[in-house]
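Undergrad: Here it is: the structure, laid out below.
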Amino acid sequence: MRIGIDLGGTKIEGIVMDACGRIVHRKRVSTPTNGVYAEIVSAIGDLVNELESRSGERCSVGVGTPGALSARTGRLKNSNTLSLTGKPIKQDLEIMLEREVRLENDANCFTLSEAIDGAASDHGLVFGVIMGTGVGGGIVIDNNLHSGPQHIAGEWGHNTLVADGRPCYCGRRGCVETYLSGPGLVAEWAEQSGDRGSATARQIVELALNGDEHCRSAMEKYIEYFARAMAVVINILDPDAIVLGGGMSNLQALYESGRRRIADYVFNDELTTPILPNRHGDSSGVRGAAWLWPPRANGGRPDPVHDTV
């Protein structure tokens, strides 16, 4: 049995997954709202202990977090949950749970899930993308996560897309994340319309479909940014498949006009790369955390099964 934990800004989700990839137990708790690091670690420990008690056996533990471990210090870096940055979360969890804990960033976990038994399960080199409140990426090769010696492989969201562009929480300007996240679309709409109201990304998409001029213009720019940023990935990795996740991945335009626009920027006479919607939805991150402990030998993939919860 494997326990997977997905640590988010508002919730912590945990699952128990069996050897075939079937989720047999699941529970979600709220992330401590005060952001106190020790309370977040304690909440994860309590959730693991409860799930393990339900499973009736000692489980492996994998955790997906915002940010990644520093190869130099072993502490968390690049997290948009600021209270986690610089903290030895892996070591603290291992002391609390008295076992090895495998920890990767949430985009890596998403990609691993979709590569092992998700939308890209029949492909070798998979690039996974999360486009939600932030933007991240992960690389999986033949069902093995490639995080790189500096633990930054796939950090697509913090490449510069627009020189001297919008400020990013990472301290740089013009990052992919500031244009392809949900807040990035809202910022584009605000720039196009001059409106500083409270529209959401979902509302902007709906209004664009209904013909609103400023929303349509913002959406067109969003697709253009998506195409330019994605073409860079394809030119470098030439992946067998790309899987999109996060709230913005529900935009059908990404798979239609977005794909056509990518073809204009890829250094080839055609675009053959499959660009796929995810299969496991919001569960991909927590499933990928569980899969940080490899599947049993079966051609590198688990048997096809259905979750029981």
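Undergrad: Scanning for something aliphatic (A, V, I, L, M) and over 25 Å from D282 (Cβ atoms), does region 190-204 turn up at least one residue?
TA: yes
Undergrad: Looking at region 84-111 only, could you name the residues that are of a type in the set (V, I, T), over 11 Å from V63 (Cβ atoms) and in contact (Cβ under 8 Å) with a residue 12 or more places away in the chain?
TA: As a first pass, look at region 84-111 and keep what is of a type in the set (V, I, T): 85, 89, 95, 101, 111.
From the residues that got through so far, the ones that are over 11 Å from V63 (Cβ atoms) too are 85, 95, 111.
Within region 84-111, T85, T111 meet the criteria.
Undergrad: All but one of (1) at pLDDT below 95; (2) touching a Ser or Thr at 6+ places or on another chain (Cβ under 7 Å) hold for S193, so report the exception by its number.
TA: S193 satisfies every listed condition except (2).
Undergrad: Taking the criterion of being in a helix (DSSP H, G or I), without any contact (Cβ under 8 Å) to a residue 40 or more places away in the chain and either of a type in the set (F, W, Y) or surrounded by fewer than 22 Cβ atoms within 10 Å (Cβ to Cβ) (or both), would at least one residue in region 169-186 satisfy it?
TA: Scanning region 169-186, I find at least one residue that is in a helix (DSSP H, G or I), without any contact (Cβ under 8 Å) to a residue 40 or more places away in the chain and either of a type in the set (F, W, Y) or surrounded by fewer than 22 Cβ atoms within 10 Å (Cβ to Cβ) (or both), so the answer is yes.
Undergrad: Which pairs have Cβ atoms under 7 Å, sit 6 or more apart or on different chains, and link a residue in region 219-233 that is without any contact (Cβ under 8 Å) to a residue 60 or more places away in the chain and not assigned by TED's automatic domain parsing to the domain that holds E191 to one that is crowded, with 23+ Cβ neighbours inside 10 Å and among the acidic types (D, E)?
TA: Once the first residue is without any contact (Cβ under 8 Å) to a residue 60 or more places away in the chain and not assigned by TED's automatic domain parsing to the domain that holds E191 and sits in region 219-233, no partner that is crowded, with 23+ Cβ neighbours inside 10 Å and among the acidic types (D, E) comes close enough.
Undergrad: Just checking, how many residues over region 73-87 are basic (K, R) and either in a strand (DSSP E or B) or surrounded by fewer than 16 Cβ atoms within 10 Å (Cβ to Cβ) (or both)?
TA: Residues that pass the stated criteria total 1.
Undergrad: Is it the case that some residue within region 250-269 is within 30 Å of V16 (Cβ to Cβ), touching a strand residue (DSSP E or B) at 6+ places or on another chain (Cβ under 6 Å) and of a type in the set (S, T, N, Q)?
TA: Checked region 250-269: no residue is within 30 Å of V16 (Cβ to Cβ), touching a strand residue (DSSP E or B) at 6+ places or on another chain (Cβ under 6 Å) and of a type in the set (S, T, N, Q).
Undergrad: Is it the case that region 144-162 has a residue that's under 22 Å from R72 (Cα atoms), of a type in the set (S, T, Y) and not assigned by TED's automatic domain parsing to the domain that holds T81?
TA: Yes: one or more hits.
Undergrad: Could I ask something else about it? Can you give me the number of residues within region 148-164 that are surrounded by fewer than 18 Cβ atoms within 10 Å (Cβ to Cβ) and touching a helix residue (DSSP H, G or I) at 6+ places or on another chain (Cβ under 8 Å)?
TA: The qualifying residues number 2.
The values are calculated or read from the model by the stated rules, or taken from the named source; none is laboratory data. Every value quoted in this text rests on a predicted model; they were computed, and no experiment measured them. For neighbour counting, all protein chains shown are included, and Cβ atoms are generated from backbone atoms with ideal geometry for every residue, glycine included.
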